[in-house]
Amino acid sequence: MLRIARDLYPGLRFERDDAHLASTDLGGRGIAAIIARFSLIHVPPSGIPDVLAGWASRTSPGVVVAVAAQSTDEAGEVVEFDHAVAPAWRWHPDRLAESLAAAGFDEMWRTVSRPDTGYHRFPEVHLVSRRR
């Protein structure tokens, strides 16, 4: 996906990093947006506040954050699940939005898709928020 983004938008800089964004040297430039597609699920729930606080400290008001994750229908819950690659957690959409809000990101919109008989075993949430 990075190659595609870089090919389509050569005037923009795209960086690959882990959820903490600690290894990215921005050379004095700010972060214009964060896309976290199915990556926060691998951060233990106790570590999410620090990750999101780190994002808030490295972004300016108005920066957009898009998060996608497997979710749960269990209100307010974070549920560990059997991911094929590494430990992972499914977040209830409201709980994910609350965590983002606590770090300074206001929800703009979300979608929740239902599981199907193919590749998607669980509901999935796509949540977009903006740094206040």
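For the reader, a short list of remarks on this structure follows.
- Percent RCO, i.e. relative contact order, over the chain, from Cα pairs under 8 Å lying at least 6 residues apart: 24
- Over the residues of the chain, the helix contribution to mean residue ellipticity at 222 nm works out to -6000 deg cm²/dmol, using -39500 (n - 2.57) for each DSSP H run of at least 4.
- Once backbone amide H atoms are built at 1.01 Å from N, Ile34 has Val64, Val65, Ala66 as its partners under 5 Å, excluding neighbours fewer than 5 places away on the same chain.
- Using the Karplus relation 6.51 cos²θ - 1.76 cosθ + 1.60 with θ = phi - 60°, the per-residue 3J(HN,Hα) values for the range 25-33 come to 8, 8, x, x, 8, x, 8, 8, 6 Hz, with x marking Gly and Pro.
- Of the GluC sites (Glu not before Pro) found in the range 1-110, the ones in coil according to DSSP and having at most 13 other Cβ atoms within 10 Å of their Cβ are Glu15, Glu74.
- Principal-axis tilt of helix 93-102 within the chain, Cα atoms, nearest 10 degrees: 40
- Close amide H contacts of Gly104 (hydrogens built in the peptide plane, cut-off under 5 Å, sequence separation of 5 or more or a different chain): none are found.
- Loop-located chymotrypsin sites (Phe, Trp or Tyr not before Pro) in the range 1-109 (DSSP state other than H, G, I, E, B) with a sparse environment of at most 15 neighbouring Cβ atoms within 10 Å: Phe14, Phe38.
- The range 6-16 - phi-based ³J(HN,Hα) in whole Hz, Karplus 6.51/-1.76/1.60, Gly and Pro as x: 5, 5, 6, 10, x, x, 10, 9, 10, 10, 10
- Choice from Pro93, Pro61, Pro45 with maximal GNM fluctuation in the chain (Cα, 10 Å cutoff): Pro61
- Label-to-label distance, nm, for residues given as Ala102 and Val79 (7 Å Cα→Cβ offset): 2.1
- For the chain, the longest principal axis of the Cα atoms and the long axis of helix 48-57 meet at an angle of about 20 degrees.
- Cα-derived Rg over Rh, computed across the chain with Rh taken as Kirkwood radius: 0.97
Laboratory data are not the source of any read-out in this text; all were calculated from the coordinates shown. As the structure is a prediction and not an experimental result, all values here were calculated from the model. Every residue, glycine among them, receives a Cβ derived from its backbone with ideal geometry; neighbour counts consider all protein chains shown.
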